[in-house]
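Readers should treat all values here as calculations from the given coordinates under stated rules, not as data from a laboratory. These figures come from a predicted structure and were not determined experimentally. In this analysis, Cβ positions are derived from the backbone assuming ideal geometry, glycine residues included, and neighbour counts consider all displayed protein chains.
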Amino acid sequence: MIAQIVLSLLLGIVLVYAWVEYRRSPIVAALSWGVGLAGFYFVWMPSHATLVAEFFGIGRGADLVLYLWVCISLIVLLNLHLKLRTQHELITALARSIALANAAWSADQKHSPGATASLEENR
């Protein structure tokens, strides 16, 4: 009974998070809602988890939950990896464009007539 209450609290946090994040990412929120509600159902009806597991050829409901957890974790890990890779590519493009803009600005400053006078005054 204590485990069911603790798991229900954790699943409740998942549902609140999904509700808060709905505007930013509706697909992730919908999937989180589905997983959270299925989690509530199987936490309070564990015998039904066993029936679903047997339907898919898995011996116990706990094994089914573990397998699903591993699959969901791998999908989340892949998603995070792809987002991080995109962020790195964007940062590289941004750094490259800043470097090129600074190089062009520096070259323009060296070739302008007022720049050489101000450079000689600073020496």
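Some notes on this structure:
- Rounded to the nearest 10 degrees, the angle from helix 46-55 to the longest Cα principal axis of the chain is 80 degrees.
- Nearest 10 degrees, 0 to 90: helix 61-111 Cα axis against the chain principal axis: 10 degrees
- Computed from Cα atoms, the angle from the helix 26-44 axis to the main principal axis of the chain rounds to 30 degrees.
- Förster-model FRET efficiency, 25 Å R0, Ile2 and Leu51, C-beta, rounded to 0.05: 0.55
- Val76-Tyr22 pseudo-label distance in nm [points 7 Å out on the Cα-to-Cβ vector]: 2.1 nm
- The GNM of the chain, with springs linking C-alpha atoms under 10 angstrom apart, assigns the highest mean-square fluctuation among Leu15, Leu78, Leu90 to Leu90.
- Each Lys and Arg Cβ is given +1 and each Asp and Glu Cβ -1; about its Cα centre, the chain then shows a dipole of about 40 debye.
- Ranked for footprinting exposure by Cβ neighbours inside 10 Å, fewest first, Phe40, Phe56 give Phe56, Phe40.
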